[in-house]
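Structure, as structure tokens:
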Amino acid sequence: MALAAGHGFVTAARGVGTPGGGFDPAGAISFDLGRGLAFRQGEAAAVVVPAAALGALSVAAGPEAAGRFGREVGLAMGRRVATRLGGAGEL
């Protein structure tokens, strides 16, 4: 993964997308290092946490809360994928 810096922001880019010219993850996440924030292509600030910490939190929260959290994350991911691939109406 390459990092491109400019104007106090660092953008994570993985380079090329799919061979057929589909999804291109370049610039998908930008980090404002001065303010300690992460952004996903023009959206509200995102949270970046270590996977182990998220796992520990979900165990402590219990199965019902972890399930609700997982569904919300999955829905958000599905919306982003659909939007980036040309939209899929309502999800």
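In whole percent, and with a 1.4 Å probe on the protein chains, what portion of the accessible area of segment 37-91 is carbon and sulfur? If you can, show how the numbers build up before the last one.
Numbers: 2740 of 4140 Å².
It is 66 percent, rounded to a whole number.
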* Name the residues whose placed amide hydrogens come within less than 5 Å of the amide hydrogen of Ala46, ignoring near sequence neighbours (fewer than 5 apart) on the same chain. => Ala38, Phe39, Arg40
* **Total charge dipole magnitude, segment 24-91, about the Cα centre, Cβ charges on Lys, Arg, Asp, Glu only, Debye to nearest 20** => 20
* Asked: Residue by residue through segment 26-31, which ³J(HN,Hα) values in whole Hz follow from phi under the Karplus form 6.51 cos²θ - 1.76 cosθ + 1.60 (θ = phi - 60°), with glycine and proline marked x?
  -> 4, x, 5, 10, 10, 10
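The values are calculated or read from the model by the stated rules, or taken from the named source; none is laboratory data. Values in this document were obtained by computation on a predicted structure and should not be read as measured data. Positions of Cβ are backbone-derived with ideal geometry, glycine not excepted, and every protein chain shown enters the neighbour counts. Side chains included, ligands, DNA and RNA excluded: accessible areas come from the protein's heavy atoms. Shrake-Rupley method; radii C 1.70, N 1.55, O 1.52, S 1.80 Å.
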